[in-house]
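The values are calculated or read from the model by the stated rules, or taken from the named source; none is laboratory data. On a predicted model such as this, the values are computed, not experimentally measured, just so you know. Cβ placement follows ideal geometry from the backbone for every residue including glycine, while neighbour counts extend to all protein chains displayed.
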Amino acid sequence: MSLLPSRYMFTKQQSSSPSFICNLGDVVDVQRVDLKPFCVELETKEKLLYFAFRTDEEVYGWMEDIYSRSPLMGVSQPTNFVHQVHVGFDPISGGFTVSLCSSTTRK
């Protein structure tokens, strides 16, 4: 597997021509799975792909590279977050509960 700035290519052998090329813009999700040891699931708009690596370092290195280069996955954490309303679930009624947070618990 070769990771380029805007796409990744899969080859069966190191020196062979690519058997599959995909744009990183098509990546929807990448996550670790237990299908095999050191396995990663890569979800694109059209298919699921699975890759086995040799070590945890390789797994998380590839995951981080794919995640950081894929425009669909580049969503950042919220900024200036304020918890103003708490939504809960009442198992007895089966409904949601809503309560306002006081200014001391807003963080």
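Residues that are of a type in the set (Asp, Glu), part of a helix (DSSP H, G or I) and in contact (Cβ under 8 Å) with a residue 12 or more places away in the chain do occur in segment 52-59. Restricting segment 77-97 to residues that are modelled with pLDDT of 90 or more and not in a loop (DSSP other than H, G, I, E, B) leaves a set whose member that is nearest to the chain's Cα centre (by Cα) is Phe96. Inspect segment 13-25 for any residue being part of a strand (DSSP E or B), at pLDDT 85 or above and not aliphatic (A, V, I, L, M) and give the result as yes or no. No: segment 13-25 contains no residue that is part of a strand (DSSP E or B), at pLDDT 85 or above and not aliphatic (A, V, I, L, M). Within the option set Leu72, Leu100, Leu48, being under 27 Å from Asp29 (Cα atoms) and modelled with pLDDT of 80 or more holds for one residue only, Leu48.
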